[in-house]
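The values are calculated or read from the model by the stated rules, or taken from the named source; none is laboratory data. The shown structure was predicted, so the numbers you read here are calculated from the model rather than taken from an experiment. Cβ sites come from the backbone with ideal geometry, for glycine too, and all protein chains shown count toward neighbours. Ligands, DNA and RNA are excluded from the accessible area calculation, which covers all protein heavy atoms including side chains. Shrake-Rupley method; radii C 1.70, N 1.55, O 1.52, S 1.80 Å.
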Amino acid sequence: VNQTFQCEDLGELNRTCDWILPDNSGCAICKERFFSREKWCIDCHRGCLDCFNEEECLRCDDDHFMIPTEDPVCHHFDTLTNCINKTKTGCIGCEDGYKLNNRRCIECGGNCKICNENDECFTCSEEYVLIQKKCEHYTTIENCISEKDDVCGECKEEYHLSDDKLSCIENSNIAMIG
């Protein structure tokens, strides 16, 4: 109602405000997705249910996440790639070949297929062997001519595999005379 006791459309206040001030001069409590600045309700950042201001989300939509150590903004789940389980705080678990880094999945690298956050590898790509939790090409093992299951698969003709299959040992030419 205006000064001449005529009804006026509250338009923007109805859209943004949960509790309009008694004199219709602004808002006391804003709706979800808005924050209060002076007596007005301002849009939160996209994907944000509640926010402190334009830049700082407090709570995200169901299909959005926020990583507080990065920035207080909600990002769409589509930006979480190679993630097994997407949550409101980022990834929990990554696909093979990826590791968690600040709640996002990044490539393991170094020809590693399965790794952890500490860059320790547990399974290597084809033609690579696992040596001290790193993947090395099988040719780094002297006299190794192939890889199988992350270890040396076969040695040159004059050599045989060690028990741990991470080295090739020269065959002995000692013959027993009897």
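Residue pairs whose Cβ atoms lie under 8 Å apart, separated by 6 or more positions or on different chains, with the first residue in the range 20-44 and under 22 Å from Glu55 (Cβ atoms) and the second of a type in the set (Gly, Ala, Ser), are Cys27/Ser36; Ile29/Ser36; Cys30/Ser36; Glu38/Gly26; Lys39/Ser25; Lys39/Gly26; Trp40/Gly26; Ile42/Ser36. In the range 55-77, the residues that are more than 12 Å from His45 (Cβ to Cβ) and open to solvent by 20 Å² or more (accessible area, probe 1.4 Å) never reach a residue that is outside any loop (DSSP other than H, G, I, E, B) and of a type in the set (Ser, Thr, Tyr) with C-beta atoms less than 7 angstrom apart, at least six apart or across chains.
Entry remark, the range 26-60: residues being of a type outside the set (Val, Ile, Thr) and touching a helix residue (DSSP H, G or I) at 6+ places or on another chain (Cβ under 9 Å) number 9 in total. Within the set Asp71, Asp119, Asp149, the sole residue that is at pLDDT below 95 and farther than 30 Å from Cys51 by Cβ turns out to be Asp119.
Within the range 120-157, being surrounded by fewer than 16 Cβ atoms within 10 Å (Cβ to Cβ), in contact with a Cys (Cβ under 8 Å, 6 or more places away or on another chain) and assigned to a loop (DSSP other than H, G, I, E, B) holds for Lys133, Glu142, Lys156.
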